[in-house]
Structures are given as structure tokens and as C-alpha cells.
Amino acid sequence: MRAVALYGTVGSLLLTGLTALTSAPAAHGTGAPYAPPAPQAPSTPSVADSPVEARGVVLAAERAAAKGITFGACPAAEGLPAPVECGTFSVPVDYARPNGKHISLTVSRGRATGDRSDRQGSLVYNPGGPGGSGMVFPLLAGLPAWKKLSEAYDFIGYAPRGVGRSAPLTCADPARFERGPSDAPEHPSAAYKRQRIAKAKAYARGCLRHAGADLRHFTSRNNARDLDVLRAALGERKLNFLGASYGTYFGAVYATLFPGHVRRMVFDSVVNPSTRKIWYRNNLDQSAAFERRWYDWRRWAARHHPVYRLGRTEREVLAAYHKAAERLRHRPAGGKVGPGELQGLFLKAGYTDTAWARAAQALAAYLRGDESRLIALAAPSASGGPAAENGNAVYTAVECNDAHWPRDWSRWNRDNERLARRAPFETWNNAFMNLPCAYWKAPRQRPFEVGTARRALPPVLLLAAERDAATPYAGALELLRRLRGSATLVTERDAGTHGIGGGPNACVNGYFEKYLLTGEVPTRNVTCAGRQEPRAT
């Protein structure tokens, strides 16, 4: 399977999201004093939810508000040192049966460090996925760049249902997941396609075998409902939420279902929420966008030919990459890195330009006969197999359950063959990663209709980079339209890093931090000049 899943696996989004966040400059301004409300769970069922499930959310939230979360030392498995605290809260597997089976979701907290008069409640973070965990988020509270935000907010991370220790989902043997070397043909043969079809069918069967009847309940709707139960368990009347990548999608579902529960929301790197896009066409759009981002890297490497010696033009750089892939096909580096792992390394570079120089160094060294850097960056980790499989399992279940996917292989074959003619880099790898959805046995939902009445929400902030490949820019424009009059968009021009809040762009961060601290947004959509391209090292 892919090294980086659509909208990020755990490792990818921690790299592109939290790495960017940790580089933020000091926050600007202070917010008005915030008096923590008494725990309560207001709920006005949205017309977008079924009455039965809406009542289930009300009941679950009331119970969570009454019980709260008992925070204490984090289990060793989380790797979170004091003063970060951990706890759990309970959600029903099926909100239509709130008195039925429940599961526990894990939560982490870094307490606000400022005076009580400065406190603005809890700031809940999700890094995306589906399948990403935000448990490490409170670690940012101790960094100088986050001093003012950490004075104002408790930093709250959590693992959504199925992720990590939150009733973990699995679909395959973790010991055999993502073992290298693997291939990544840009124009696969009929025989290779048959192999991947068989693998996709087996993975879909494995999900159903391991999860049984619970499998159908891994959905974006339930992720949004769980978020409202978390809000109540934290004792918050209103939610402050920072969602990146896929976190923007179920965050938008939350805003649609519970507009009256929103205080502040940041949507960073926005998934296109159109019902025509979720999720099959979003994957095709993403593959096309990664081709453009792959071109950006090749052009950059060519400009730095004196450093890397990969070629003076982007075509020459592409030829160097293909030369390496062919060599790895015949003799994998370290017995673990084949063309698939090489492609995965450069896919990560498509998520964040902080990875550009490392990828160029590894490719250049490998072509000169030194494979050590390539092995260090691209070889699958045996110890990381369980987390990678768990993240992929949740990703697969949520996306397959969220919408109807084509069941006819000829449709997949036709669409991806056509796209691969102009965008070969990621098209087929992306298709094969999502192919279990063609053979999914659990009941599927109709795509959720994201959207709010005009100014139904308090002001919310959208952040997007124009050349983001994982969540193409059109998604931000679509969500802006659907959150009628409540959203303001900050665009990073001519940039493509996935996850820009708290990154190196001072213009973006000025709006980002001011909004979280004061609730103020620009009076109109704004564009910030793009960041400088990475240095060649």
C-alpha cells in the first residue's frame, strides 16, 4: 500500500501538519477574557441528521458532560511525557442505539499556562487521514512559538474511532503490511492489475472479517458526532477546532450538523466537500494535482543541478528518477527499497517542500552508488507496520462507507488509464490504494451535503495553498461557497505545502493566530505571497 494515504496517514500529516505548526512565530494579540461555562450539552438537531441519530448524539453528549474526562499520566504506549495528560471518553458505536455498544476514545491534554482570565477554553486538533491521530498535539504547548496560544487554550489531541488505542481497527496482518520492496508501475500491465484487484478484494474482506457489523459505523458523520461528544466531555459549551486536511471535511460536517456549537474553527488545507467529489473523483483530482507538484520538484532540482547533478532541465531530472526506479526494480536497495518505496519518498515531497532537499540528496547519492540515504528515508519500518496498517484500515473504512464508489472495474480502468496518460506519477498508485472500495460489502451512505444557512456560523477561517496537491485549491473555494457568508479564505500564492497554518509564512500566520486569539477574520478573502522555495543543501 501507499506510503502516504489520501489526505495523509498518521506519519504524513504529523510531518506536514505538526512540523509546520512547530515553526510558527509568536502569536499576535490577546483574546477577550473567557469564562469557562458549566458543563452542558446543548443540541439542536440539524436537518442534515436523522432524528434518531440526532437524539442519540444529544443523549451521548449529556452523559459525557455529566461524567467528564478523568485526566492522568499518559500510558507509555502514547510516548507523551508530563505535563501532558491523557484520558478517555465514551461514544456509542451506533448513534441510532445510544444505549447499545460503546467504545472508548483516547484524549490528550496540555493545560493552558496563562492566568484564568486569559483562558479561552479547549482547542481541539485533528491532523487528517482519515486515520490520523492528534494525540501529540499538546506537545506544542511547550514551544516558545506557541506561548500565547498555550496561555489561552488547553491543547487537546485525540485519536478518532478506530485509530491508535481508540478501539483500533485492522484489516490485514500488520506484520505483512507495507513490506518492501514493492513496484509502482506508472502504466501497469493487465497481469499487474489482476494482482492488485485480488489484493483489494482480500483487504475489503479482511476489514469485514475483523470489524464485523461495526464496520459500517466508521464514517465521517460519526467522526463529527464523536467530536460533539468530546466537546461536551471537556465541559465546553462551544467548540474551538483546528482541522487539517481530512480534518477540514468532518469539521465541515460538524459545522453543518451543529452550527450552534461552534465558537472558532480553522480549516487548513481544505478537502473538496462536493457530493460529486466525495470520494472517487477527489482521488482523481488529487492524482492530477500531484503531477503538477511533481513537476514543481523536478524544476527546482534542475535549477540546482550544480548541487545535485540530477539534470539541467526537469526532463533530465525525470530521466534520472526513472533510471533509479529501473535499477531498483532489478536490485532493491538494502533488499527493501524498490520502485514503490522510491515513489513513496517523492510523494511525501509532494506534501511538503521541507522534504525536497532530502529527497534530492537521496536520489543523487543513490545514482552515484551510495544507497544508504535512500534506505534511511524510504525503507519500510518493521516497527511502524501496525500503526501504518491501522491508519490505512481506518482510512479505507471511512472513505468506502462515506459514499457510493464505482463497482465496475472497467470504470476504474477507463478513468485511470485516461488520467495516467497526462498524470502518471501517482494515478495508478492512488487508484490501487482505494480499490477495496469497489468490493466493499458494508452498507454505504449517500455523500453528506455540507452547507450552512447564511451566517449560521460565527466567523471561521480557511487556509489554502494554491498548488497543494493533497487537497487541491478548488476544495477551499467550494467550502467557502457552502459556508455561506461565515467563512473567510487566506490563500498562500504559488505554494504547495499541505498544511500551512503555523508554517514559515508570516502573512498566513498573522491571520491564523489573530483569529484563534481574538476571533477576528479579514474583512475579505486575502492572498499572501508564497514562501521562499527551499534551499538546496
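The values are calculated or read from the model by the stated rules, or taken from the named source; none is laboratory data. Owing to the predicted nature of the structure, the values given are computational and were not obtained by experimental measurement. Note that we place each Cβ from the backbone using ideal geometry, even for glycine, and neighbour counts take in every protein chain shown.
Would you mind stating whether F432 is assigned to a helix (DSSP H, G or I), in the same structural domain as R264 (by TED's automatic domain parsing) and of a type in the set (F, W, Y)?
no
Those residues that are in contact (Cβ under 8 Å) with a residue 40 or more places away in the chain and either outside the structural domain of A64 (by TED's automatic domain parsing) or part of a loop (DSSP other than H, G, I, E, B) (or both), I need them from the stretch 100-111; list them, please. Spell out the reasoning first.
Within the stretch 100-111, the first condition is being in contact (Cβ under 8 Å) with a residue 40 or more places away in the chain, and the residues that meet it are 101, 103-111.
Result: K101, R111.
Considering only the stretch 81-111, state which residues are buried (at least 23 other Cβ atoms within 10 Å of the Cβ), aliphatic (A, V, I, L, M) and either within 11 Å of D154 (Cα to Cα) or in contact with a Lys or Arg (Cβ under 8 Å, 6 or more places away or on another chain) (or both).
V84, V91, L105
Which of (1) surrounded by fewer than 22 Cβ atoms within 10 Å (Cβ to Cβ); (2) touching a Leu at 6+ places or on another chain (Cβ under 8 Å) does V270 not meet, given it meets every other one?
Result: V270 passes all but (1).
Restricting attention to the stretch 131-177, and to residues there that are hydrophobic (A, V, I, L, M, F, W, C), within 15 Å of the chain's Cα centre (by Cα) and within 23 Å of D94 (Cα to Cα), which single residue is surrounded by the most Cβ atoms within 10 Å (Cβ to Cβ)?
V163
If you go through the stretch 402-425 one residue at a time, do you hit one that is among the hydroxyl-bearing types (S, T, Y), assigned to a helix (DSSP H, G or I) and surrounded by 18 or more Cβ atoms within 10 Å (Cβ to Cβ)?
no
Out of the residues in the stretch 352-401 that are part of a helix (DSSP H, G or I) and among the acidic types (D, E), which is farthest from A464 (Cα to Cα)?
It comes out as E389.
Hey, among the residues in the stretch 113-126 that are at pLDDT below 95 and touching an Asp or Glu at 6+ places or on another chain (Cβ under 6 Å), which one's surrounded by the most Cβ atoms within 10 Å (Cβ to Cβ)?
Filtering the stretch 113-126 for residues at pLDDT below 95 gives 113-119.
Retained after the next criterion (residues that are touching an Asp or Glu at 6+ places or on another chain (Cβ under 6 Å)): 113-114, 118.
Details: T113: 20, G114: 16, D118: 18.
Among them, the one singled out is T113.
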